[in-house]
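The values are calculated or read from the model by the stated rules, or taken from the named source; none is laboratory data. Quantities reported herein were computed from a predicted structural model and do not represent experimental measurements. Glycine also receives a Cβ, built like all others from the backbone with ideal geometry; neighbour counts cover every protein chain displayed. These accessible areas exclude ligands, DNA and RNA; they are computed on the full protein's heavy atoms, side chains included. Shrake-Rupley method; radii C 1.70, N 1.55, O 1.52, S 1.80 Å.
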Amino acid sequence: MARTYKYTVDCGFTETQRIFYEENGYILFKKLVPEGDIDICHQRFLDVCNGKVKVFTVMRDKTLRDKGETRGEYLVNKIQELLEDDVFYDYYAAHPRVVEVIKNIIGPNVTAIHSMLINKPPHSNTQHSTHPIHQDMFYFPFKPADKIVGSWTAMEKINVENGGLYVLPGTHKGPLFPHGNSEDCSNEFYHGVRGFDHLPKLHLTMDKGDALFFHPHLLHGSSPNMSKNFRKAISVHYADSNCTFINTKGTVQERMAMDFEKLVNEKFGVTWDYINFFKMKSRLISGKPGKIQSMDSHL
Ligand SMILES: O=C(O)CCC(=O)C(=O)O
């Protein structure tokens, strides 16, 4: 009997690659992004840290700031909303080698919907630089999940000691679980699930330019950076442009949407709708625009 595929489209993957993603919910490509392109993104990150370039969201590690740290690269632990920046767009989000893999998973009409560069400075506080086990779908108010994929590319050597990523293979086949703030992690912006610590974690060892692609239901997280070096990764999530926004009311994502709207209101004094925020920060990458671009039919 012919095999049916649920999580990939019939495209350029080999049969082995396709079956691997279907069964495990992730796939790793060694040396996908050339080192020179990673170096350009690294320099751009330094320019953001030093105030030469602006991006919408810049987060700092408050535990390091409380210790008196003031140097940009040693303090900034995450920048987000990178798609409007032409350097991050050209050298990563729309990188032809990255986009080719994305199209093999979700098809030809691709919109980038979320983007970030995560930096773990040397000797980061254990609790603050741990990313608890979570599913990225918790943050995304659109569907279907099978038409969304994350990319996560190592900007330097990454392993369990310096805060590398781990995955729980096969968990993409499960539902989206409720998330909350975790006692393993003091970062209020990180949410995690409970009850999965007994499952085997696969800690990934990656070199600069190695790229992981993963389903948004895949349980994953990252260890603290215990090393004396930086740990940086760049990540963009992509959706089929025909994904549709959902009404988060009554779903496990409702709390996330409400927390976001409250935070923006407290911080900037503005009323922002979570869905419109995604519309505003998304950018078409390839193929035809779709429902995800539409400003007036969002639910
Ligand atoms: O880069 C990391 O440490 C973890 C990133 C991650 O899991 C996420 O942001 O969803």
Practice prompt. Could I have the simple spin-label model distance between Val264 and Thr205, label points 7 Å from Cα toward Cβ, reported in nm to one decimal?
Written response: 4.3
Discussion item. Exceeding 31 Å between C-alpha atoms, which entries from my cross-link table qualify? They are Lys52/Lys281; Lys173/Lys228; Lys78/Lys249; Lys173/Lys288.
Written reply: Lys173/Lys228
Worksheet item: Roughly how many Å² is the accessible area per residue of the chain, as a whole number, for a 1.4 Å probe?
Response: 45
Discussion item. Probe radius 1.4 Å, ligands and nucleic acids ignored: give me the carbon and sulfur share of the accessible area of region 216-278 as a rounded percent.
Written reply: 56
Worksheet item: Once amide H atoms are built 1.01 Å from N in the peptide plane, which residues 5 or more positions from Phe142, or in another chain, come under 5 Å H to H?
Response: Ile246
Item to complete: Could you list which residues have their amide H under 5 Å from that of Lys208, counting only those 5 or more apart in sequence or on another chain, with H placed in the peptide plane?
Response: Lys157
Worksheet item: What list of ³J(HN,Hα) values in whole Hz, one per residue of region 144-161 in order, does the Karplus curve 6.51 cos²θ - 1.76 cosθ + 1.60 (θ = phi - 60°) give from phi, with Gly and Pro shown as x?
Response: x, 4, 5, 9, 10, 8, x, 10, 8, 10, 5, 9, 7, 4, 10, 8, 5, 6
Response to the item:
For region 198-207, Karplus-derived ³J(HN,Hα) couplings (6.51, -1.76, 1.60; θ = phi - 60°; whole Hz; x for glycine and proline) come out as 6, 6, x, 9, 9, 7, 8, 9, 10, 9
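Give, as a single signed number, the net charge of other residues whose beta carbon lies under 12 Å from the beta carbon of Glu161, with Lys and Arg counted +1 and Asp and Glu -1.
After counting each charged neighbour, the total is +4.
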Discussion item. So if each residue of separation counts as 0.36 nm, and I subtract the Cα-Cα distance between Glu100 and Lys67, what length gain in nm does that give?
Written reply: 7.5 nm
Worksheet, complete the sentence: Non-local residues with an amide H under 5 Å from the amide H of Thr8, with H modelled 1.01 Å from N and Pro and chain starts lacking one, are none
